[in-house]
Amino acid sequence: MQDPYQVLGVARTASIDEIKKAYRGLAKKLHPDLNPGDKAAEDKFKNVSVAYGLLSDPEKRKRFDAGEIDASGAEQPTRHFYRDFASAGQENPYTSDAGYADFADDDVFADILRRSREAYANQRGEDLLYGLSIRFVESVTGVSKRITLPDGSTLDVTIPPGMLDGQMLRLKGKGAPGRGSGGPGDALIKVEVLPDPRFRLDGANVMVELPVSLSEAVLGGEVRAPTPTGDVMLTIPKHSNSGTTLRLKGKGAPRREGGFGDELVKLKVVLPKAPDPELDAFVANWEKGKAHNPREGESS
C-alpha cells in the first residue's frame with residue numbers, strides 16, 4: 001500500500017481542507033461511475049478512498065504519523081464509495097445519499113453520482129443467448145419450437161418462413177429480469193439450419209438433384225419429386241438428359257419482397273445397379289447409338 005499522502009498528492013503538513021480538496025479532485029477523475037469498464041481507474045479510486053479515509057480521520061492520521069498504524073494496517077477506512085465494496089460485507093453506500101456527503105457542496109458532481117446510482121438500481125436485465133437447431137424444410141416453411149432453459153422453464157419460439165442458418169431471433173422481455181423499475185432483457189435465439197441431403201438453397205430457389213431411370217429419361221413419364229412442403233408429381237419430358245433442369249413454380253423459399261422462389265430439379269440418369277444382359281445386347285446392336293458422339297462440338 002502506498003503512502004496515503006503520496007496517493008492523494010499532498011504534503012504531510014496538509015490541512016484537512018487541502019486533503020479534502022485533493023480527494024475530491026481525484027474522485028471526479030477516477031470514480032467508477034464516470035469511468036465504466038476502466039479497471040485501472042477503479043483500482044486507483046479504491047486506493048484514493050482508502051487514503052482519504054485514513055487522513056480525513058484526525059485520530060487515525062495522528063496514529064499513522066506516529067507510526068502506530070501503517071497505510072494498509074488492520075484498521076480499514078470507514079468511508080466507502082464503490083459498490084463492489086459491498087461484497088466484503090459492507091453496506092452498499094449507493095443505497096442512500098450518505099456516500100455523497102463529501103460532495104455536498106458540488107451539486108453537479110453529486111447529481112452525476114446520484115443519477116448513476118439510480119440507473120444502477122433500475123438497470124435493465126441482460127439479454128440471454130440460446131441456440132436452436134431446425135430442419136431445412138422447417139427453415140423454409142416456418143415452425144413453432146419449444147426450448148428448455150437451464151432453469152427448467154420453457155420458451156416457445158416461432159420460426160418465420162425463410163429463416164437462414166446463423167440468423168438471430170429476438171424475443172422481447174424474455175431475458176434476465178432487471179433491477180427495480182428496469183425491465184427484463186431479451187432472449188436472443190441463434191438458429192442453426194441442419195443440412196438436408198436432398199435440398200440446397202440458392203437465394204430463394206431450392207435446388208434438388210433427382211435420379212431418374214434410363215426408361216424415364218428416354219420415354220418420359222411422371223415421377224415423385226420432393227419439395228420442402230411435401231412430394232409432388234413431376235412430368236419428365238421424353239429424351240431428357242442428365243443435367244436437364246425442370247422448374248417447379250413457387251416451391252422454393254419465401255422472397256424478401258414477397259412471394260416464393262422456385263424449386264429447380266436437376267435430373268440425373270442412373271443405370272440399374274445390377275448388369276442387365278438385355279440392355280447390354282440392345283446397346284451392342286444399336287448402330288445409331290454407336291454413331292452418336294455426345295462430345296461433338298466441345299473444344300479440345
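Structural remarks
- Evaluated against (1) in contact (Cβ under 8 Å) with a residue 24 or more places away in the chain; (2) part of a loop (DSSP other than H, G, I, E, B), residue 230 falls short on exactly one condition, (1).
- Inspection of region 128-137 identifies at least one residue that is part of a strand (DSSP E or B) and small (Gly, Ala, Ser).
- Residues that are within 19 Å of residue 194 (Cα to Cα) and loosely packed, with under 12 Cβ neighbours inside 10 Å within region 149-159 comprise just one, 158.
- Unique match (being part of a strand (DSSP E or B) and of a type outside the set (Phe, Trp, Tyr)) among 238, 273, 268: 268
- Summed over region 209-227, residues that are assigned to a loop (DSSP other than H, G, I, E, B) and surrounded by fewer than 16 Cβ atoms within 10 Å (Cβ to Cβ) total 2.
- Residue in region 26-58 that is surrounded by the most Cβ atoms within 10 Å (Cβ to Cβ), counting only those that are farther than 18 Å from residue 69 by Cα and of a type in the set (Gly, Ala, Ser): 27
- Residues located in region 2-25, provided they are crowded, with 20+ Cβ neighbours inside 10 Å and more than 19 Å from residue 70 (Cα to Cα): 22, 23
- Just one of the listed residues (129, 155) is more than 22 Å from residue 253 (Cα to Cα), in contact with a Lys or Arg (Cβ under 9 Å, 6 or more places away or on another chain) and free of Cβ contacts under 8 Å to residues at least 60 places away in the same chain, and it is 155.
- Residue in region 18-36 that is in a loop (DSSP other than H, G, I, E, B) and without any contact (Cβ under 8 Å) to a residue 40 or more places away in the chain present: yes
- Which numbered condition residue 76 fails, given (1) surrounded by 12 or more Cβ atoms within 10 Å (Cβ to Cβ); (2) on the phi < 0 side of the Ramachandran plot; (3) at pLDDT 90 or above; (4) not aliphatic (A, V, I, L, M): (3)
- Looking only at region 246-280, and only at residues there that are under 20 Å from residue 230 (Cβ atoms) and among the acidic types (Asp, Glu), the one that is surrounded by the most Cβ atoms within 10 Å (Cβ to Cβ): 263
- Boolean, residue 206 is surrounded by 15 or more Cβ atoms within 10 Å (Cβ to Cβ), in contact with an Asp or Glu (Cβ under 7 Å, 6 or more places away or on another chain) and free of Cβ contacts under 8 Å to residues at least 24 places away in the same chain: no
The values are calculated or read from the model by the stated rules, or taken from the named source; none is laboratory data. What you see is a predicted model, and the numbers here were worked out from it, not measured in a lab. Neighbour counts are summed over all protein chains in view; Cβ atoms, including those assigned to glycine, are modelled from backbone coordinates with ideal geometry.
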